[in-house]
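Worksheet: the structure to be examined is printed underneath.
No lab work stands behind these numbers, since they all come straight from the coordinates. Treat the numbers as computed from the prediction; the structure is a model and nothing was measured. With ideal geometry, Cβ positions are generated from the backbone for all residues, glycine too; neighbour counts draw on all protein chains shown.
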Amino acid sequence: MHMQDHQWQAIIDCDATADGQFYYGVLTTGIFCRPSCKSRTPKRENVRIFATSDDAITHGLRACKRCRPEETVPQNELAQAVLQLLESRYAAPLTLQTLADHLHISPYHLQRTFKKATGQTPAEALTQIRISAARQLLTSTDLPLTTIALQVGYQNLSHFSYVFHKETGTTPSDYRRRNGNDEKSASAAGDHSADADRLY
Ligand SMILES: [Zn+2]
């Protein structure tokens, strides 16, 4: 496999989010590693890229003792990185492509790895984060619904209301009425159930 610049960058950065996407072998040592390996960065001209650890072994390379590239890749690193992105950027319109570009991986790889690690698609996780944030705003502020919709990343109120209802079984205004600031005990119960619904 021809090495791409972002792959070389991942090797230099010991980027764990690249783990599982490729492996790199160093011809001078005969050893192959995961991108995140903290071993000394080799010279670029000595590096070869492999899609799988089996490929590297077939080409006569030995697995690094430090990063153990022959063992199953912990997918959680990438899933964590995706979740962090979702948490920090949910207020803006987000597409799978945007996330994938940010992590320098393909949308397909992102979707597949994330689902494998969390049991959810990135879109499902994003919806949960947004609805959870909306619940907070509905019960702890007097902001108009339209403002809340925009603040949690929805383009308009009707789309927000639709998703909110689908996720919670209630409309945003009903949710606010039942869990509003004037009913402290109901609010606490509402917050609690919101936490319980969260998977992370
Ligand atoms: Zn290594």
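In terms of its alpha-carbon gyration tensor, the stretch 109-167 comes out prolate; a/c meets the 1.5 threshold, and the first ratio a/b outweighs b/c. The H59 and E124 beta-carbon pair, evaluated with R₀ = 35 Å, returns a calculated FRET efficiency of approximately 0.35. Approximating the spin labels as points 7 Å out from Cα along Cα→Cβ, the T170-to-I12 distance works out to 5.3 nm.
Residues whose amide H falls under 5 Å from that of A63, counting only those 5 or more places apart or on a different chain, are F32, with hydrogens built in the peptide plane. Once the chain from T28 to Y162 is taken as fully extended at 0.36 nm per residue, the excess over their C-alpha distance is 42.4 nm. Across the alpha-carbon atoms of the stretch 5-63, the computed radius of gyration and Dmax are 10.0, 26 angstrom.
Take every pair of alpha-carbon atoms less than 8 Å apart whose residues are at least six positions apart; their mean separation over the length of the chain yields a relative contact order of 15 percent. Structural descriptor for the stretch 5-63: relative contact order 37 percent, calculated from alpha carbon pairs under 8 angstrom and at least 6 residues apart. Shape class of the stretch 75-195 from the Cα gyration tensor (axes a ≥ b ≥ c, square roots of the eigenvalues): prolate, since a/c reaches 1.5 or more and a/b is larger than b/c.
Projecting label points 7 angstrom from Cα along Cα→Cβ for E71 and Q97 puts them 3.9 nm apart.
Sites listed here are trypsin sites (Lys or Arg not before Pro) in the stretch 1-100 whose DSSP assignment is loop and whose Cβ has at most 13 other Cβ atoms within 10 Å: K38, R40, K43, K65, R66. Relative to the globular-protein estimate of 2.2 N^0.38 Å, the Cα radius of gyration of the stretch 87-130 stands at 1.07.
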